[in-house]
Amino acid sequence: MTIAGVFATLSLMMAPAADQPTVRIQQGVLIGRADADVAAFKNIPYAAPPTAERRWRPPGAAPTWQGQRDAGAYGPLCI
């Protein structure tokens, strides 16, 4: 590892933890990410997946969850 790599690794290890804003919605608790003055919550389910018997029907209620859901990154792409 180069000297630059060592310093980069140390700076990441010593960086303070990012703010993790938390919000409670009807389905449960979400943990987002904060960057500067913006709090972002991603990958929040808004309806039940339209699979099997729900295919071609109106959307069903969004699923609930226990505990906290990580909403800091985008979910899988819809295909």
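Only the coordinates and a few stated rules stand behind these numbers; no lab work does. Computed from a prediction, not measured in an experiment: that's the story for all the values here. Neighbour counts run over all protein chains shown; Cβ positions are idealised from the backbone, glycine included.
For the range 18-70, DSSP calls about 70 percent of its internal beta bridges antiparallel. Here r is the Cβ-Cβ distance between I31 and A62 and R0 is 25 Å; the resulting FRET efficiency, rounded to 0.05, is 0.90.
Between the amide H of A62 and those of A48, distances stay under 5 Å, these residues lying 5 or more places away or on another chain, with hydrogens modeled in the peptide plane. State whether the range 18-70 is rounded, prolate or oblate according to the following rule on the C-alpha gyration tensor (a ≥ b ≥ c being the square roots of its eigenvalues): a/c under 1.5 gives rounded; otherwise a/b larger than b/c gives prolate, and the remaining case gives oblate. Note, shape of the range 18-70 comes out prolate. Computed over the range 17-79, relative contact order equals 35 percent, with contacts defined as Cα pairs under 8 Å that lie 6+ residues apart.
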